[in-house]
1. Quick one: Karplus J couplings for the stretch A:73-80, per residue in order, coefficients 6.51, -1.76, 1.60, θ = phi - 60°, nearest Hz, x for Gly and Pro?
2. Going from most exposed to least, what order do A:I129, A:I216 have by accessible area with a 1.4 Å probe?
3. Taking a threshold of 19 Å on the Cα-Cα distance, which of the pairs A:K118/B:K34; A:K33/A:K118; B:K36/B:K69 fall above it?
4. In what sequence, largest accessible area first, do A:K212, A:K201, B:K65 appear using a 1.4 Å probe?
5. Averaged across B:98-110, how many Cβ atoms of other chains sit within 10 Å of each residue's Cβ atom?
6. Only protein chains counted, 1.4 angstrom probe. Which residues of the stretch A:75-104 are at least 20 Å² less accessible in the assembly than when their chain is isolated?
7. Tell me the accessible surface of B:M40 in square angstrom (1.4 angstrom probe, heavy atoms of protein chains only), to the nearest ten.
8. Enter the accessible area of A:W232 (Å², nearest 10), with the probe set to 1.4 Å and all protein chains included.
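The values are calculated or read from the model by the stated rules, or taken from the named source; none is laboratory data. Here the structure is a predicted model, which means the values were calculated and not measured. Glycine gets a Cβ as well: all are built from the backbone with ideal geometry, and neighbour counts include every protein chain shown. The protein model used for the area step is the full one, side chains on, heavy atoms only, and it has no ligands, DNA or RNA in it. Shrake-Rupley method; radii C 1.70, N 1.55, O 1.52, S 1.80 Å.
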Amino acid sequence: MPNYRVIFYSVMRCRYHLLAYLILTSFIIAQPKISGRLGIGYTSPDYKKFAESPFPKKGVFENMMLNFSFTYQVYSNVRIGYSQWSSFTSDKYEGEDFKRSFNYRAIVVETYFFPKKKLEVNFTIGPLINSGSISLTTKQTIEAWDNLMEEFDNSEIDLSVSDEMTTTFLGITSSVGARYYIKPYLAVETQIGFMENYYSKDKWKFQDKDIKGPDINIEDLPLFSFGLVYGW
Amino acid sequence: MVNFFLVSLVCCTVVMSQESQQTGNACQSPLIIKAKKEGMRSIKVTELPQFVIDLWSCRKENNSKKLFKRINEKTYIEDYKMSQQFVGFTATCAYCSAASVLIFYLVKLSGN
C-alpha cells in the first residue's frame, strides 16, 4: 500500500518549489525599473537635552538629514522599496569623542502618475523602524593593564574605551513629491512630508540593561527633501 | 574577497566577450532598434550591459546624437502613456498619503 502521506508531502514540496521559482523568475522577466535616490532633507527635531551644556552646540547641519533609497517598480504606477534617513552628530563631550545618530528606516510604497511628459507626481507611505545610538569613546587607565605593562618595563598607557547606548522605535512616514526627468535615467526630486515616531526616552539599552535616554521631541517631524534619482 | 573579484572578472569577461552583431553601423544593433521603437524601458536589466556597449559604439556614428534624442523622447512618451493616470488600488494609496500629509500640516499650523 503506497504511503499517501509521503506522496502528499512530496507533491506539496514540489508545489512550493514551483511557486517560488515562478515568483523569482517573474521578477527577472518582468522588465523591472530599479531606481536609487540620494538626497538631503530638512526637518525640525527638538533635541531639548542635547541643546544644553555640556552637550556639543547645535551645528548648522543639525536639522539636516541624509537620505538614500532603493525602489523597484512592481506595477505601472507603483514602486516598493527601502528608504533610510540619517541624522548624525560627532563632536566632543567633556573632551571625549561623542557621537549621536538617529536612523529612520522605512519600507515604502510609492504610487505615482505623470501629469506631463517628464514630470511625475508621487505619493509615498510606509512604516518606519528607527534606531538611535549615542556613543562615547573615552581614554582611561586600567590598573591591571598598567601592572602588566610595568612587568615589561613600560610606563602606564591610556586605553581607549568605547561603548554605546541604543534604542529602537517605530513610526510611519508619508510624503508627496514631484520628480522631473532630466534624462530617462536621471531625475531631480523634491518632496514634502512627515514622520510620526513613537519614541520613548525610557526604552534605551546600555550593555543589555534598560536605561533612560535623552528627553527629545522627535514624535512628529515635518520633512522637506531634495534628491537625485538614478534608475532604470 | 578574492572570490568576489574572481566572479566579477568572469562576469565582465563573459559580458565583454559577447560578439556584437557587426552590421556595419553600430547604431543598428537590435537593442538600439528596440529602444528606438519602444523606448529604453523595453530593455531588460539583463540586456543592459550589451545595450550600454552598443550605445558606446554608436556614439561616434553620424546622426548618433539625433538617435539618442529620439530614444530619450520615445522613452518619455512611453513612460507618460504607461503612467498617465492611476490604475486600481494605486489611487487609494495616493489619497491616503496626500490626506495624511495635508492633515499633518493642518494640525501643525493650527498649533495643536
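1. Those phi angles translate into 7, 9, 7, 4, 10, 10, 10, 10 Hz.
2. Values: A:I129 90, A:I216 5 Å².
Result of the area sort, largest leading: A:I129, A:I216.
3. Values: A:K118/B:K34 21 Å; A:K33/A:K118 16 Å; B:K36/B:K69 10 Å.
Over 19 Å apart, Cα to Cα: A:K118/B:K34.
4. Details: A:K212 150, A:K201 80, B:K65 170 Å².
My answer, sorted largest first, is B:K65, A:K212, A:K201.
5. Values: counts 6, 2, 10, 13, 2, 2, 10, 4, 0, 2, 3, 0, 0.
The shielding value for this peptide is 4.
6. A:Y75, A:S76, A:N77, A:V78
7. 10
8. Roughly 40 Å² of A:W232 is accessible to a 1.4 Å probe.
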